[in-house]
Amino acid sequence: MKILVIEDELELQQTIKASLLKENYVVEVASEFYEAQEKISIYDYDCILLDIMLPNGNGMDILHELKKNGKSGNVIIISAKNSLDDKINGLELGADDYLTKPFHISELTARIKAVIRRNNFDGKNYIEIGNVIFDIQERTLVVNNVSIHLNRKEFDILNYFLLNKNRLITKTALAEYVWGDHIDEADNFDFIYYQIKNLRNKLKNSKASIEIESIYGVGYKLSE
């Protein structure tokens with residue numbers, strides 16, 4: 001799961017990031033308006049934490065842009081302004097939730113999980129396809145009632161495929177989702193190939209009812 005934290009208070013930004021990394025999320029950050037605007041225009045996120053008051057602009061303008069592109073439903077506004085008008089405006093623009101500073105990180109984490117469940121899993125903690133049960137809360141994969149061990153990246157890759165079942169996934173899109181900002185440090189996509197190769201073997205050996213197909217020269221697709 002990939003989260004964007006748009007927050008100009010660097011200490012709070014890094015506290016949130018550190019906490020979410022412990023929850024095994026891929027976390028990206030933006031500290032000012034134009035940086036945030038660039039990220040939302042290029043990448044997709046499972047949840048966006050959005051501060052209203054930003055250097056060089058207003059978070060509500062970012063929310064307008066997300067709404068125009070049909071992406072505002074996964075936004076949690078985090079603001080020092082406990083304004084009823086801001087709350088109403090943000091929710092009317094499609095934001096999923098509004099949290100007033102200061103807040104407990106544990107409450108923020110719980111709200112993030114709730115947003116992800118509502119938007120990606122119909123309110124559940126798991127995806128069930130055929131003989132496969134994939135639990136995002138417990139980070140487990142069960143096939144034919146047998147638990148299959150996945151490393152962190154294998155889990156994240158399978159998660160992305162399950163959210164995009166029967167869709168063509170390019171290597172670039174997969175790398176950006178699973179590795180986030182760190183993708184710039186990679187020289188090639190060999191690391192994706194090896195992770196998917198291992199994941200395929202585990203699905204095949206467990207006789208899972210899903211498989212990852214290679215689309216030559218383009219990417220991959222998960223099918224049942």
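The values are calculated or read from the model by the stated rules, or taken from the named source; none is laboratory data. Worth saying up front: this structure is predicted, and the values here are computed from it rather than measured. Backbone-built Cβ (ideal geometry, glycine too); neighbour counts: all protein chains shown.
Based on what the data block shows, is D97 without any contact (Cβ under 8 Å) to a residue 40 or more places away in the chain and closer than 27 Å to V178 by Cα? Here the answer is yes, as D97 does meet what is asked.
The set of residues in the stretch 1-45 that are over 22 Å from Y160 (Cα atoms) and touching a helix residue (DSSP H, G or I) at 6+ places or on another chain (Cβ under 8 Å) comprises I6, E7, T15, I16, A30, S31, F33, A36, Q37. Scanning the stretch 208-224 for residues that are closer than 17 Å to V132 by Cβ, within 24 Å of the chain's Cα centre (by Cα) and part of a loop (DSSP other than H, G, I, E, B) yields I210, E224. Of the set (1) assigned to a helix (DSSP H, G or I); (2) surrounded by 13 or more Cβ atoms within 10 Å (Cβ to Cβ), all apply to I88 but (2).
Could you list, in sequence order, all residues of the stretch 109-118 that are among the aliphatic types (A, V, I, L, M) and closer than 16 Å to N24 by Cβ? So that I can check it myself, show each step before the final result.
First, the residues of the stretch 109-118 that are among the aliphatic types (A, V, I, L, M): 110, 112, 114-116.
A110, I112, I116, listed by residue number.
Filtering the stretch 46-63 to residues that are farther than 25 Å from L163 by Cα and in contact with a Ser or Thr (Cβ under 9 Å, 6 or more places away or on another chain) leaves D51, I52, M53, L54, P55, G59. Restricted to the stretch 1-24, and to residues that are in a helix (DSSP H, G or I) and among the basic types (K, R), which residue is surrounded by the most Cβ atoms within 10 Å (Cβ to Cβ)? Looking at residues that are in a helix (DSSP H, G or I) and among the basic types (K, R), I get K17.
Restricting attention to the stretch 130-146, the residues that are exposed (fewer than 15 other Cβ atoms within 10 Å of the Cβ) and in contact (Cβ under 8 Å) with a residue 60 or more places away in the chain add up to 4.
Would the stretch 165-177 turn up any residue that is closer than 22 Å to Q13 by Cα and either of a type outside the set (F, W, Y) or assigned to a helix (DSSP H, G or I) (or both)?
In the first step, residues of the stretch 165-177 are kept if they are closer than 22 Å to Q13 by Cα; the result is 176-177.
The next check asks that each one be either of a type outside the set (F, W, Y) or assigned to a helix (DSSP H, G or I) (or both); those that pass are 176-177.
Yes, some residue in the stretch 165-177 is closer than 22 Å to Q13 by Cα and either of a type outside the set (F, W, Y) or assigned to a helix (DSSP H, G or I) (or both).
Sub-9 Å Cβ pairs linking a first residue in the stretch 113-129 that is in contact (Cβ under 8 Å) with a residue 24 or more places away in the chain to a second residue that is assigned to a loop (DSSP other than H, G, I, E, B) and among the aromatic types (F, W, Y), at least 6 apart or interchain, are I127/F121, ordered by first then second residue.
Taking (1) in contact with a Gly (Cβ under 6 Å, 6 or more places away or on another chain); (2) closer than 18 Å to M1 by Cα in turn, Q137 satisfies each apart from (1). Looking only at residues in the stretch 25-70 that are among the β-branched types (V, I, T) and outside any loop (DSSP other than H, G, I, E, B), the one that is surrounded by the most Cβ atoms within 10 Å (Cβ to Cβ) is I48.
Kindly indicate whether T170 is without any contact (Cβ under 8 Å) to a residue 12 or more places away in the chain and under 18 Å from the mean Cα position of the chain (by Cα).
Spelling it out, it is not the case that T170 is without any contact (Cβ under 8 Å) to a residue 12 or more places away in the chain and under 18 Å from the mean Cα position of the chain (by Cα).
Checked against the criterion of being modelled with pLDDT under 90, part of a helix (DSSP H, G or I) and either of a type in the set (F, W, Y) or over 28 Å from N131 (Cβ atoms) (or both), the stretch 194-202 has at least one qualifying residue.
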